[in-house]
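Starting off with a structure, shown below.
Values in this text are rule-based calculations from the coordinates and carry no lab data. Just so it is clear, the model here is predicted, and its values are computed rather than measured. Because the Cβ atoms are built from the backbone with ideal geometry, glycine has one as well, and the counts that use them run over all protein chains shown.
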Amino acid sequence: MRMVISAGDPSGDVRAAELVHELGRLTSLSVSGLGGRHLRGAGAETVFDLDRYSVMGFAEVFTSLGSLLRLRRDMRSHILRTDPDLLLLVDYPGFNIPLAEWASRSGIRVIYYVSPQLWAWGSGRVKRIRGAVDLMITLFEFEVDFYRRHGIMAKWAGHPLADSIPSPLEQSLTGRIALLPGSRRQEVSMLLPRMAGAFSILSDRGATGSAVIAVSPGVPEELYQPALSMEGVTAAHSVKDALEGASAAVVCSGTATLETAMWGVPFIITYRTSPLTYLLARMLVRGVKNIGMANLVAGEAFSVELLQGRVTPVNIAEALEPLLIPGTARERAVSGALKVREALGPEGSSRRAALMIIEETGV
């Protein structure tokens, strides 16, 4: 099978790599396109490295528009040269949906893996998906009904975190906290100083004595240094290592909220972006009360969400402190994490997704 892939953000790179690994076990496979180090590790040729193109937010995309337009042009040329059996799109909707429309018009089979959150963004993009995507493979079961109501073929594979995190960590009341400021430069720059400030407040109160920051290889080291220079603060190079032995965590909104829930560590959610991006998002998002994926998947707001101006050291400290001790707040957080685990489905999701692709393509 010849496959061109488009995975333009760090979490999509991870999910795509898991799927490519399973496909390679089931069929002869050649993969190239847009991705990062995880896809390269799975044997894909990353003709376009996502570290050059991974941005989030409307305002940030606007400032990167020139490079993204060049990427779109170059991806189209690469697809035509490769003549693939399949174009596999992974999340990254602002780039991937237009690419799907072009590919469909060009007679190329398109499968979308890791659904963009169209159930929150309204019907406009759903109509574009309907005419451009042959199959939508979702991570969450509720998404299948949404797509089928809009006339789009969709199947639920489950979430790969059920494989990579088969059981939670042991509950810890060490007082240590984990800081997960995200995997993008702009997330870390906006969130980590405030997270570190909250640690300082809690440390002064005697509520915590240490913190571990999950650092990302795609983020410049200098963004971490002010926090790492604080007494009691150390670095970890994976989410698991940061959460090991932690009583609670502060987490950037995104896939990391699902990971933290799967590890069973109580946490609060933070999200901060440019004012323009946030304003546009508030205008466009419909039908959801929460932004944290863990809260959405669990069906309840078991984790406190601090957004934009509410992301302050004082607010983070006030929300996090009750999770460091036994009590109702901690019990609710642990219960919510169990609901997330149930919602992500059984183990074997990447293999199920791979089999769906093989069945759809007949290759």
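For the pair E141/R40, report the inter-label distance in nm, with labels modelled 7 Å from Cα in the Cβ direction.
About 3.9 nm separates the two model spin labels.
Also, I was wondering about something else. Just going by the charge dipole of segment 177-343, with Lys and Arg at +1 and Asp and Glu at -1 on Cβ, which of S210, L296, V239 is farthest out on the positive end?
Farthest towards the positive pole: L296.
Just order 7-19, 140-152, 294-306 by mean Cβ neighbour count inside 10 Å, highest at the front, would you?
Highest to lowest by the protection proxy: 7-19, 294-306, 140-152.
At 20 °C and 1.002 mPa s, what whole-number value in µm²/s does Stokes-Einstein give for the translational diffusion of segment 177-343, with Rh from the Kirkwood sum over Cα pairs?
136
For the chain, list log₁₀ I(q)/I(0) at each q in 0.10, 0.11, 0.13 Å⁻¹, using the Debye formula over Cα point scatterers of equal strength and ignoring solvent, two decimals each.
Reported log10 I(q)/I(0), two decimals: -0.61, -0.74, -1.04.
May I pose another question? Compute the distance in nm between two label points, each set 7 Å from the Cα along the Cα-to-Cβ direction, one at D204 and one at L338.
3.8
Quick one: net charge around P160, please, counting Lys, Arg +1 and Asp, Glu -1 for every other residue with C-beta under 14 Å from its C-beta.
That sum, taken over residues with Cβ under 14 Å, equals -3.
Continuing with the same structure: Based on the alpha carbons, how large is the Rg to Rh ratio for segment 222-267 when Rh follows Kirkwood?
0.98
Beta carbons within 10 angstrom, averaged per residue: use that to sort the peptides 91-99, 352-360, 217-225, highest first.
In descending order of packing, they fall as 91-99, 352-360, 217-225.
So how far apart, in nm, are the two label points at E300 and S67 if each is 7 Å from Cα heading toward Cβ?
My value for the distance between the label points is 4.3 nm.
What residues have an amide H closer than 5 Å to that of T138, excluding those fewer than 5 places away on the same chain, when H is modeled at 1.01 Å from N in the peptide plane?
Residues meeting the criterion, in which the H sits 1.01 Å from N, are K155, W156, A157.
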